[in-house]
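*Asks:* I have a structure here, written as structure tokens, and I will follow up with some questions on it.
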Amino acid sequence: MSHKPFTLDDLRRILLESAGAEEGIDLYGDIDDTEFEALGYESLALLEAGGRIEREFGVSLDDVDLTDISTPRALVAAVNGLLPVDAAA
């Protein structure tokens, strides 16, 4: 289990490991507020990424409806909201 904040770079890595990236999509660009659908990630890919986030960061995303989270910024904030206070700081 990690004791560090969840970052956009962590999310990029997990998305690439779990579902790859569509051709022509630059995950290393300014994607904070780009909807996952526009990035080529639909619900199944987000569920897979969610499972990896849970295992790596020791959080339970059961209370987070991944289908309601539409951007990387929102997902990073939701995960950090589940981390212990010292890790999310």
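The values are calculated or read from the model by the stated rules, or taken from the named source; none is laboratory data. Keep in mind that what you see is a predicted model, and the values were worked out from it rather than measured. Here the Cβ is made from the backbone with ideal geometry for all residues, glycine too, and neighbour counts use every protein chain on show.
*Asks:* Given 24, 20, 40, 51, which one is among the small types (Gly, Ala, Ser), modelled with pLDDT of 90 or more and more than 12 Å from the chain's Cα centre (by Cα)? Steps first, answer last, please.
*Replies:* Working: 24 fails: modelled with pLDDT of 90 or more; 20 fails: modelled with pLDDT of 90 or more; 51 fails: more than 12 Å from the chain's Cα centre (by Cα).
40 is the lone residue from the list that is among the small types (Gly, Ala, Ser), modelled with pLDDT of 90 or more and more than 12 Å from the chain's Cα centre (by Cα).
*Asks:* Now for a different question. Output the helices (runs of 4 or more DSSP H) that fall wholly within the chain and possess 1 or more residues being of a type in the set (Asp, Glu) and without any contact (Cβ under 8 Å) to a residue 40 or more places away in the chain, or say none. Spell out how you get there, then give the answer.
*Replies:* On the way: elements: 8-19, 43-57, 72-82, 85-88.
Counting at least 1 such residues, we get 8-19, 43-57.
*Asks:* On the given criteria, is residue 33 closer than 19 Å to residue 80 by Cβ and exposed (fewer than 12 other Cβ atoms within 10 Å of the Cβ)? Before the answer, list the steps.
*Replies:* Details: closer than 19 Å to residue 80 by Cβ: yes; exposed (fewer than 12 other Cβ atoms within 10 Å of the Cβ): yes.
Considered against the rule, which asks whether it is closer than 19 Å to residue 80 by Cβ and exposed (fewer than 12 other Cβ atoms within 10 Å of the Cβ), residue 33 comes out as yes.
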